[in-house]
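Contents: one structure, followed by commentary.
The values are calculated or read from the model by the stated rules, or taken from the named source; none is laboratory data. Keep in mind the model is a prediction, meaning the values are calculated, not measured. Every residue, glycine as well, gets a Cβ built from its backbone with ideal geometry; the counts of neighbours run over all protein chains shown. The area values use the complete protein model at the heavy-atom level, side chains included, leaving out ligands, DNA and RNA. Shrake-Rupley method; radii C 1.70, N 1.55, O 1.52, S 1.80 Å.
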Amino acid sequence: MNFARSHILVCGGTGCTSSQSPKIMEEFEVQLAKRGLSDEAKVILTGCFGLCALGPIVVVYPEGAFYSNVKVSDVAEIVEEHILKGRIVERLLYHEKKSNEIVHSLNDTEFYKKQKRIALRNCGVINPENIDEYIAFDGYQALATCLTERTPQEVIDIISASGLRGRGGAGFPTGTKWSFAAREKGPVKYVCCNADEGDPGAFMDRSVLEGDPHSVIEAMAIAGYAIGASQGYIYVRAEYPIAVKRLQIAIDQAKEYGFLGEHIFDTDFSFDLEIRLGAGAFVCGEETALMTSIEGHRGEPRPRPPYPAVKGLFGKPTILNNVETLANIPWILQNGPEKFAEMGTEKSKGTKVFALGGKITNTGLVEIPMGTTLREIVEDIGGGVPNGKKFKAAQTGGPSGGCIPASLIDTPIDYESLAQIGSMMGSGGLIIMDEDNCMVDIARFFLDFTVDESCGKCAPCRIGTRRLREILDKIVSGKGTMEDLDLLEELCYHLKSNSLCALGQTAPNPVLSTLRYFRDEYEAHVKEHRCPAGVCKALLHYVIDPEKCKGCTACSRVCPVDAISGEVKKAHVIDTDKCIKCGACIEKCRYQEAISGIGGDDCGYCQTENQRN
C-alpha cells in the first residue's frame, strides 16, 4: 500500500464552503495531477477548524502549516512551493492580530492555546464522510466496549460519575435523565437527538454534525443500550443541508459496517436511526415540542409532568439530548469519567462549546473548560474587540439568556455563575457587543425574535412577548415613560412564572438583564429622549460639522429626499425635518466624521447646530 507523504486538509464547514472551499479542493486535485503528485499528496475534506473568520482554511501535514484566507488562485503556489519544493508559503500563514507574528501551526495560535477540544476533538482532523477515519481515531470502540463488557446500569453510572450535564441549555444531569428512562418498563423506548439549533448566531451543533457525525451516532446507540431503546431519531434543521447530507452518509456507513441495525457486535442489542427534518421553528428546541413535531403534528409544547422519560415520543419513555451532549459520550466512556470530571468546576464539569460572534476579532467556534472567565474568552481566545472599541457586554444563551456587562468580565463561565448574574449558559451562543451597541435595542432585537417564534399555545407567551415588544418600541421611539419601565419589569416576571414552556419562561431574560445592568440607558431614552449609543433612529439627529465638511457634494448627491443643501466647496447643511435618517450620507462622506448621527433632543451639539441653521 502506498501512503501519501503529505495530507492537505481543507475545511468543509458551512462558512468555508460559502467561501469556495470546494473549488479550492478541486484546484488542489488539478494542480497535484499537473505535477504528477496525486500519489504523493492527498486532499482531505474536514469539518470546521474553529477560526471561521479566517476561512477558507487549509492545513498541510506533516508540517502542520496553517494557511488562512486561502483563495483558489493561491493553490498553485502552495502545491509548487510547499508540496513540491518543501518550502512553506509564508505569506499565507496566519498572523496574530495583536503581535502581528507569523504562526505556523494552528495549535500555536492564541485562539487555540486555552481551548480543550472534546466535543470538537475530531472536527478539522478527520474526513466526516469517511467512517474509516473515525474508526482510526477509536471510533465505535466505546460502543463495542459497552455492548460486550458493561451492563446498561454500568454505562449510566459512568456517565453520572462524569458529571456531564445537558449542553442544550437547561444543564440537567445526563446520567440522571438516562436512569429515569431506564427504570421505566415496556418493550418500546426512544432516543432523540436535538439538532434543531435555533439561537441567532449559534452554529455549535451544526459544526459537530458537519465535522464528526459518527460521534453522535455512536453516542445515540450507547444511550439506546443504556435505557433499553432500539430506535432513535435525529431532529435536525432543514436549513443545515451539509449537516443533513453528512449525517445521512454516516448513518448509511454505520449500517453497512454493522454499527447500526440488528445484533450489533453479535450481541442481542439492535438499534436503528432515522433523520427527521425540522422546519425552523425555534420552539421545537423545547423537548416536548420537538417530539410532537417528530410525530407529525404542529410543534407545540406539552404540559409537564409527565416528563418524556416517562411518556415522551409516541407516548413511550424517551430521552432527548442535544448534539454537543452526545458528542462527549464516547470520549467519556473511553477516557474514564474521572478524566472528564477533573476539567471544569465543582458543579459544572468538562468543557463547553461556544459560537463566538459579534464585535470580536476572532469569530468562530471555541471549546473551553468550564470555569474559564469571560475575559479569557474575549481578550485571549477572541483577540479582543476590534477597531479600538471598548467591550461593553456579552450575550450568552441567545434569546433565552442575558447580557453580561463589562464590569463582570471576570465572571467564570459555568452554569451557576451565569445564573447568579441573571444570564444562562444556553446552547452556547456568545455574542460580543461594544460601545456602539444600544442595550435597549439589543433587548428589543431578542424580543422581536421570540415574538415571531412563539407557538401561541399559551396566552402569557403569545400576548406577553408582544406587549413587551410594544413597550420597548415605545421607548426606542422616544415616547416611553418611567411608568413603562416599571410595567416592563412586572410583565417580565409574569411571563417567567406563567408561560407553558421554556421559550416564554426565558424570553424576558434579555430585558431583565439589560434593565439590571444598563438601566441608565433606558432612562436616557425615556427622560432625555436620547440614545447614548446613537443607534435608535427616532432619537437621532444627523448633523454636518462645518469645520470638517469640505463641500464635496457627495452627501447631497446620494440623499434620497434632498435633505442636504450647500454650495460646492462650502459646508453643507442637513434639513432635519426632511431627513429620514437612512445613513446614506454617512456612508458616502469622504471626510471622516464630517457627518454624524447624534442622539437626543437635549444634545448640546444638535442645539448649537439648530441655532446656526
Just to verify a number: FRET efficiency for Ala419 and Lys114, C-beta to C-beta distance, R0 = 30 Å, to 0.05? 0.80
Calculate, for region 333-490, the solvent-accessible area per residue in square angstrom, rolling a 1.4 angstrom probe over the heavy atoms of the protein chains. 36
Kyte-Doolittle mean at least 0.5, axial Cα span of 15 Å or more - DSSP H helices of the chain: 152-162, 213-227, 439-453
Expressed in nm to one decimal, what extension gain is obtained for the pair Glu26 and Thr267 from 0.36 nm per residue of sequence separation less their Cα-Cα distance? 82.5 nm
Name the residues of region 1-25 whose amide N is less than 18 Å from a point 7 angstrom out from the Cα of Tyr61 along the C-beta direction? 2-13
Can you list residues whose amide H is under 5 Å from Ile413's amide H, if they're 5+ apart or on another chain and H is modeled 1.01 Å from N? Gly371, Thr372, Thr373, Leu374
Förster radius 25 Å - calculated FRET efficiency between Glu435 and Glu489, Cβ distance, rounded to 0.05: 0.50
On a C-alpha basis, how far is the centre of region 139-172 from the centre of region 270-289 in Å? Whole number, if you could? 21
With a cut-off of 15 Å, note down the residues of region 268-293 whose backbone N falls inside the zone around a label point 7 Å from the Cα of Tyr307 toward its beta carbon. 287-288
What are the lysines whose alpha-carbon lies under 21 Å from the alpha-carbon of Lys71, with same-chain residues fewer than 8 places away excluded? Lys23, Lys34, Lys42, Lys85, Lys97
Say the cut-off is 28 Å between C-alpha atoms; which of Lys113/Lys390; Lys389/Lys537; Lys352/Lys496; Lys390/Lys569; Lys311/Lys457; Lys185/Lys347 go over it? Lys390/Lys569; Lys185/Lys347
Take the alpha carbon gyration tensor of the chain, find the square roots of its eigenvalues, order them as a ≥ b ≥ c, and report rounded if a/c is under 1.5; if not, report prolate when a/b exceeds b/c, else oblate. oblate
Sorted by chain and number, the residues with a modelled amide H under 5 Å from that of Gly124, at a separation of 5 or more or across chains, are Gly47, Cys48
Highest mean packing first, using Cβ neighbours within 10 angstrom, the peptides 376-382, 154-160 sort as 376-382, 154-160
Once the other residues with Cβ under 13 Å from the Cβ of Tyr415 are scored (Lys, Arg +1; Asp, Glu -1), what is the net sum? +2
Which net charge results for the neighbourhood of Thr553, defined as the other residues with beta-carbon distances under 13 angstrom from its beta-carbon, given Lys and Arg at +1 and Asp and Glu at -1? +4
How many nm is it between the label spots at Glu149 and Ala571, if each spot is 7 Å from the Cα in line with the beta carbon? 8.1
Between Phe180 and Ala584, 0.36 nm times their residue separation minus their Cα-Cα distance comes to what? 139.5 nm
Residue-normalised 222 nm signal for the chain, counting each DSSP H run of n ≥ 4 as -39,500 (n - 2.57), nearest 500 deg cm²/dmol, is -10500 deg cm²/dmol
Based on the Cβ-Cβ distance of Leu93 and Val558, what FRET efficiency does E = 1/(1 + (r/R0)^6) give at R0 = 45 Å, to the nearest 0.05? 0.65
Glu470 and Asp410 label points (each 7 Å along its Cα→Cβ direction) are spaced in nm at 4.5
Under 8 Å for C-alpha pairs, at least 6 residues apart: give me the relative contact order for region 217-283, rounded to a whole percent. 43
By the mean-Cβ-within-10 Å protection proxy, highest first, 247-257, 497-507 rank as 497-507, 247-257
Remind me, relative contact order of the chain in percent, using alpha carbon pairs under 8 angstrom and six or more residues apart? 11
Difference of contour (0.36 nm per residue) and Cα-Cα distance, Ser497 to Tyr257: 81.4 nm
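Checking the a/c ratio against 1.5 first, then a/b against b/c, what shape does the Cα gyration tensor give for region 396-523?
It is oblate, given that a/c is not under 1.5 and a/b is not larger than b/c.
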Yeah, region 84-237 with a ≥ b ≥ c from its alpha-carbon gyration tensor (a/c under 1.5 is rounded, else prolate when a/b outruns b/c, oblate otherwise) is prolate
